[in-house]
Each structure stands twice: as structure tokens, then as C-alpha cells.
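Below is one structure, written out as C-alpha cells; comments come after it.
The values are calculated or read from the model by the stated rules, or taken from the named source; none is laboratory data. Computed from a prediction, not measured in an experiment: that's the story for all the values here. Cβ placement follows ideal geometry from the backbone for every residue including glycine, while neighbour counts extend to all protein chains displayed.
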Amino acid sequence: MGIINLDHISGNPLLPEVQAAMIEAVRTNYGNPSSPHHLGDQAAEALEQARQSVARLINSASPKEIVFTSGGTESINHAIKGVAAAKREQGRHIIASNIEHNSVLKTLRRLMGFGYTVTSVPVDGDGRVNPDDIAKAITDKTILISIMHSNNEIGTIQPIEEIARIAREKKVIFHTDAVTSIGVVPIDVRKLGVDLLSFAANQFHGPAGVGGLYIRKGTSIWPLLDGGAQENNRRAGTENLISIIGMGVAAQLAAKEMGARLNHVKKLRDRLLKGLNEKIDDIYINGHPEHCLPNIVSVSISYIEGESIVLMLEEEGIAVSTRSACASGSLRASHVLSSIGRDWASAQGTLVISFGKDNTEGEIDRFLDVLVTVVQTLRNMSPLYVRAKG
Amino acid sequence: MYSKTVMDHFKNPRNVGEMKDPDGVGEVGNPICGDMMKVFIKVRDERIDDIKFLTFGCGAAIAVSSMMTEMAKGKTIDEARNITNKSVADALEGLPKNKLHCSNLGADALQLAIKNYEDRKAGKPVAQEEGQDKHEHIHGGKCQCPYCDADLVGGAEFCANCGQVIEHEH
């Protein structure tokens, strides 16, 4: 029996078309896009083609607004540090939500060491930011607002358009981390009204280690990496062409198949939620019931701990993720779960189940069957369960 | 990530369950990581005749509990006193570094159960058996960088040595 991958947030399979394009590029497209000869031209053409595909996926006004990076983390670092540097004379205040990814939070912590101040905006029990809180937090020293499009642990989608409107009125640059959303739900940077948007290819069946930053024309931002003139002087360093080509193909397919993929994962999500609610008691589904990604379910299972669930599922050939403290190498409960009000015990027993176009309803059913057994085994071992159930 | 022995004890934990009328009970919990263990012992002729555990925790915590009960079963009370967190971790062929902190509760729970047994025997007022929180800060007054082990200046945002952002628990 093959592995059932219900951890798409961590890794998506490369689509065959993406693999083929990358293998072909490995064989034939080894030039440097900056070289003024045929090999360079061929590489530059492939690079720009990929840029167009990505620009189309997010409906950017021009491919020139896309800067290729080494992935979501670099894009986010670039967005935040780049704006902080460019606007440092105007002010040093930044606003973010308290459930941002570590790439945002740790970057902000770094900047705090350099005299920047950060207002951390809370979220409600479903993980949503209230745009009014952001409006209230803005001062004449605010230079940047960074709010994620969707959350990587609970899938909640934020009211990005509203926040963008507020940011525009107050003339504050707005960045959104769209890493978990891109290719999963439609992203239209013009409709959203954002200035900066970070993304990575591995979330839409492209390769890992490549991504991009959308920079709306006219946005003040400095480069993160200095050196050559690549990427319109915005990101020095020879481009990771093979991976960028893979991302371009993945972007084309994501745009083309968006509707079908959405329907498929929504069906899987509904089936999973129904099964969880019917088969296991004392669980909580985390995140907003409607404003949420269709390909992710976060469930807190009372009385037991997430890593032990993951290990037991692994024995049955099922890959899921936990964002709980012990498994992630950090010893604290997830900041996202504590922000939405989960107590430490139920936050510990949280699974993040994420799926994609390659998963089937049969896999969801098999997962549910195995999960029921695993949960009962661990609960029978748990002092919390024994105490609660007597 | 885990040794074969850890996985064996995790998958087939020994001595799981609650015990009726135990002679001693020990419970430890760690509110930061969330691991929690409860150990029950039955003592006959100063020997641990039977032992059971309940554990809420990660794979390492469950394996530690199971191994600790195996090591304690059949031992005299005096012998069982020599079981330490380190000897349990060694018997499991080691634990990942970040799990030592989380899962070093097995021997602590056992020692509490022994103390509870002796207090009962001596007719002493028995300390509260449920929900004892024995978690202490491992680093005492001094903080080390979790990435490079360099000493940290209290409240520093970054490690001056390796530049990593430091999260403060308190």
C-alpha cells in the first residue's frame, strides 16, 4: 500500500508536466539569463516566460512586478526588511497579526533589535483579524502592515481587501504572505489591492526552494541581496532557472485547473469534517468555517498529544502534520492555537490535515478509520482522559 | 528521529493502565511542553510487585514511561531509587536533544510514587496526589542560547554569538 499524503502543506508532489519541463531544462537550458549570447538568450526567454505565467496566476498588471526568490521565507524577509530599510527615515512602526508565520514574526523580532516597534494585532476565536484594530493601530510612524492571506496552521483567510483599503487610505505599504493560498484559491493582486505579496512554488505542485515576491509598481522597497543586476536590480544572484521554469509550468497548470482542484479538495474537506464529527468525540475544528482554505483541516483532539498521533498514523502509512510544541522542535504550544484561545492541553493534540488534487475520497475514509483506532489507543493511555471519563 | 528501542516501547508500551488500590502514586506534569505522567505502584515485601502508568505526551514521553516501568518492575524499593531520568534515556538508546527536556519525567514520577508509598506507610499526611506540578526551570537563573549554547544576557532579543532570535518563555 502506498503512502497516503495528507500533509500537502509540507510537501506537494511535483506534477508530471512540471517534472518534464524541469528535466528538459536540466538537459538543454544551462545558460545564464544575463549572458549576451544565444545560450543566455534562451535562458532569459525561459525566465520571462515563467514570469508571465506567475504574473497571470496572480493577475499582476505586469510581469515586471514579479521578483523571483528562493521561496516564501526569502520573499517575506525581502518584503519586510526591504520596506523597513526604504522607509526608515519616515518611521519605524510596523503592524502585523499575532498569528503570522515565523518568517514574519522572527523578521519583526530582528527589526525590533534595530529600534523598530511592532504592534501585534490579535485575532478572534476563528483566527480572523478585525480590520478596525489595524486602522486603530496606524500612527504617522507606521510604514508597513503585514497580514497573511491565509494561515498555514488553521487555514483561516483574512479580510485582505478591507485591510488593503485601510492601508491605502493611510498611505501605508501593505504586504501579505500568501504562501499557503497561492494556487489553492484564486489570488488577484489587483482586486486584493496589496502592494507586496509573498509566495512559494511548492504550495502549488512546483519545486521547493523557489518562489517570488510581487512588488506593485511604485512601492518603496530595497533589495535584500546586493550584487548583480538580476531581477531588475531587485534581487542579485544568478537565477535558479531550472526551478523557476518548474514554477512557471506549475503556475500555468494551477491557473488552468483552479476550478476543478477547488471542487475536488472541497469535497474531500467536507467528507473529512463529516467523518471527524461523527466518529470522534471531544474534538474542535480550528479556523473559520467559511473564510478558510479548502485544502486544510486543523483538528484539536482532546486528552492526547499530536506527535504520538502522527507517529502512529505513520506506522499505517499515513502522513499528517502536527504543529504542536514537541514535534516542531520548539517547546512551546503553537502561537496560532494559543492566539485563538485553545488551552495548552487541547492545543497539544492538534493535527493539521492538508490535501491536494492527488488525494482520493478512499484515502480520506482510510485515514478516518485508522485515526479512530489511534485516538482510542492513546486516550486509553492518557491520565487526562481517564480522569475525565472516570 | 527516534531509536528502534524508543519506537518499540512507543508502539507496544508495557504496563499501560490505571491501577486499583495502588500502594503509591506519583504524578508529574510539564505545563510548557504538555507532557504528563501518572505512575501507580503495588509493593509487596519492599519490592515493586506491579507497576502501571498513564501518560499524556509525545512519542518519547510514552516510550520513557514504558521503559521506566519495565526497569522498576520486580526491583526492591531501594534498587528502584537508583532509576534516574538518565538511566531510562540510556536504556532507550538515547533521546533527541529537544526531547530530553520534554520527556525526562519518567523517573521523577516513579520517585514520587515511591515517596508517596513511604509517606503512606509512615502514616504521614500524604501530599496531594493529583496534579503535582514538579516542573522547574532547567536553566535556573542563567539562560543559554538554545541554538549555540552560548550564555545569554537576560532579556536579549538575539544571541550575541550566533544572531538567532531568542524567544523568552517568561
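Any residue in the stretch B:20-30 that is basic (Lys, Arg), in the same structural domain as B:ALA113 (by TED's automatic domain parsing), within 20 Å of B:LEU112 (Cα to Cα) and touching a Lys or Arg at 6+ places or on another chain (Cβ under 9 Å)?
No, the stretch B:20-30 contains no residue that is basic (Lys, Arg), in the same structural domain as B:ALA113 (by TED's automatic domain parsing), within 20 Å of B:LEU112 (Cα to Cα) and touching a Lys or Arg at 6+ places or on another chain (Cβ under 9 Å).
For A:ASN151, are the conditions met, namely being at pLDDT below 95, more than 14 Å from A:ASN77 (Cα to Cα) and in contact with a helix residue (DSSP H, G or I) (Cβ under 8 Å, 6 or more places away or on another chain)?
So A:ASN151 fails the test.
Residue by residue, here is whether (1) in contact with a helix residue (DSSP H, G or I) (Cβ under 9 Å, 6 or more places away or on another chain); (2) within 22 Å of A:THR377 (Cβ to Cβ) holds:
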position	(1), (2)
B:VAL25	yes, no
B:LYS38	yes, yes
B:ILE41	yes, no
B:ASP45	no, no
B:ASP49	no, no
B:PHE53	yes, yes
B:ALA63	yes, yes
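Quick test for you: out of A:ILE145, A:ILE134, A:ILE154, pick the one residue that is away from chain B (no Cβ under 14 Å), assigned to a helix (DSSP H, G or I), crowded, with 18+ Cβ neighbours inside 10 Å and of a type outside the set (D, E, K, R).
That would be A:ILE134, the only listed residue that is away from chain B (no Cβ under 14 Å), assigned to a helix (DSSP H, G or I), crowded, with 18+ Cβ neighbours inside 10 Å and of a type outside the set (D, E, K, R).
Rundown of residues vs (1) more than 13 Å from chain A (Cβ to nearest Cβ); (2) surrounded by 20 or more Cβ atoms within 10 Å (Cβ to Cβ); (3) of a type outside the set (A, V, I, L, M, F, W, C), yes/no style:
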{"site": "B:PHE10", "(1), (2), (3)": "no, yes, no"}
{"site": "B:PHE40", "(1), (2), (3)": "no, yes, no"}
{"site": "B:ILE48", "(1), (2), (3)": "yes, yes, no"}
{"site": "B:MET68", "(1), (2), (3)": "yes, yes, no"}
{"site": "B:ASP90", "(1), (2), (3)": "yes, no, yes"}
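Can you work out which of the residues in the stretch A:29-48 that are among the polar types (S, T, N, Q) and not in a helix (DSSP H, G or I) is surrounded by the most Cβ atoms within 10 Å (Cβ to Cβ)?
Checked the stretch A:29-48; the qualifying residue surrounded by the most Cβ atoms within 10 Å (Cβ to Cβ) is A:ASN29.
Any chance the stretch B:18-30 includes a residue that's part of a loop (DSSP other than H, G, I, E, B), within 26 Å of A:LEU337 (Cα to Cα) and aliphatic (A, V, I, L, M)?
no
If you check A:LEU108 against the conditions, is it in the same structural domain as A:THR180 (by TED's automatic domain parsing), farther than 30 Å from B:ALA160 by Cβ and touching a residue at least 24 places away in the same chain (Cβ under 8 Å)?
No, not satisfied.
Say whether the condition of being touching a residue at least 24 places away in the same chain (Cβ under 8 Å), in contact with an Asp or Glu (Cβ under 6 Å, 6 or more places away or on another chain) and over 22 Å from A:LEU57 (Cβ atoms) is met by at least one residue in the stretch A:169-184.
yes
Which condition does A:ARG51 not pass, out of (1) out of contact with any Pro (no Cβ under 7 Å at 6 or more places or on another chain); (2) basic (Lys, Arg); (3) in contact (Cβ under 8 Å) with a residue 60 or more places away in the chain, if it passes all the others?
Among (1) out of contact with any Pro (no Cβ under 7 Å at 6 or more places or on another chain); (2) basic (Lys, Arg); (3) in contact (Cβ under 8 Å) with a residue 60 or more places away in the chain, the lone unmet condition for A:ARG51 is (1).
Are there any pairs with C-beta distances below 7 angstrom linking a residue in the stretch A:16-36 that is among the hydroxyl-bearing types (Ser, Thr, Tyr) to a residue that is surrounded by fewer than 19 Cβ atoms within 10 Å (Cβ to Cβ) and not in a loop (DSSP other than H, G, I, E, B), with the two at least 6 apart or on different chains, and if so which?
A:SER34/A:GLY40
Against the condition hydrophobic (A, V, I, L, M, F, W, C), surrounded by 13 or more Cβ atoms within 10 Å (Cβ to Cβ) and either assigned to a helix (DSSP H, G or I) or in the same structural domain as A:VAL179 (by TED's automatic domain parsing) (or both), how does A:VAL18 come out, does it pass?
Considered against the rule, which asks whether it is hydrophobic (A, V, I, L, M, F, W, C), surrounded by 13 or more Cβ atoms within 10 Å (Cβ to Cβ) and either assigned to a helix (DSSP H, G or I) or in the same structural domain as A:VAL179 (by TED's automatic domain parsing) (or both), A:VAL18 comes out as yes.
Does the stretch A:59-68 contain at least one residue that is under 25 Å from A:ASN130 (Cα atoms) and crowded, with 19+ Cβ neighbours inside 10 Å?
No.
Evaluate the stretch A:188-195: report whether one residue or more is part of a helix (DSSP H, G or I) and free of Cβ contacts under 8 Å to residues at least 12 places away in the same chain.
No, there is no match, as no residue in the stretch A:188-195 is part of a helix (DSSP H, G or I) and free of Cβ contacts under 8 Å to residues at least 12 places away in the same chain.
Taking helices (runs of 4 or more DSSP H) that fall entirely within the stretch A:221-329, which contain at least 3 residues that are among the aliphatic types (A, V, I, L, M)?
Once the helices (runs of 4 or more DSSP H) in the stretch A:221-329 are filtered for at least 3 residues that are among the aliphatic types (A, V, I, L, M), what remains is A:241-279, A:306-315.
Which residue is surrounded by the fewest Cβ atoms within 10 Å (Cβ to Cβ), if the candidates are limited to the stretch B:21-38 and must be under 20 Å from B:LYS99 (Cα atoms) and of a type outside the set (A, V, I, L, M)?
B:PRO31
Restricting the search to the stretch A:334-370, which residues are surrounded by fewer than 16 Cβ atoms within 10 Å (Cβ to Cβ) and either in a loop (DSSP other than H, G, I, E, B) or free of Cβ contacts under 8 Å to residues at least 60 places away in the same chain (or both)?
If the condition is that a residue be surrounded by fewer than 16 Cβ atoms within 10 Å (Cβ to Cβ) and either in a loop (DSSP other than H, G, I, E, B) or free of Cβ contacts under 8 Å to residues at least 60 places away in the same chain (or both), then A:SER338, A:GLY341, A:ASP343, A:ASP358, A:THR360, A:GLY362, A:ASP369 are the ones that fit.
Which pairs do you get when a residue that is within 8 Å of another protein chain (Cβ to nearest Cβ) and under 21 Å from A:GLY2 (Cβ atoms), found in the stretch A:294-320, comes within reach of a residue that is surrounded by 24 or more Cβ atoms within 10 Å (Cβ to Cβ) and modelled with pLDDT under 95, reach meaning Cβ atoms under 6 angstrom, with the pair 6+ apart or on two chains?
Between residues of the stretch A:294-320 that are within 8 Å of another protein chain (Cβ to nearest Cβ) and under 21 Å from A:GLY2 (Cβ atoms) and residues that are surrounded by 24 or more Cβ atoms within 10 Å (Cβ to Cβ) and modelled with pLDDT under 95, the close pairs are A:LEU311/B:GLY59.
Residue under question is B:VAL16, and the condition is that it be at the interface with chain A (Cβ under 9 Å from one of its Cβ atoms), at pLDDT 95 or above and within 28 Å of B:LYS97 (Cα to Cα); does it hold?
Here the answer is yes, as B:VAL16 does meet what is asked.
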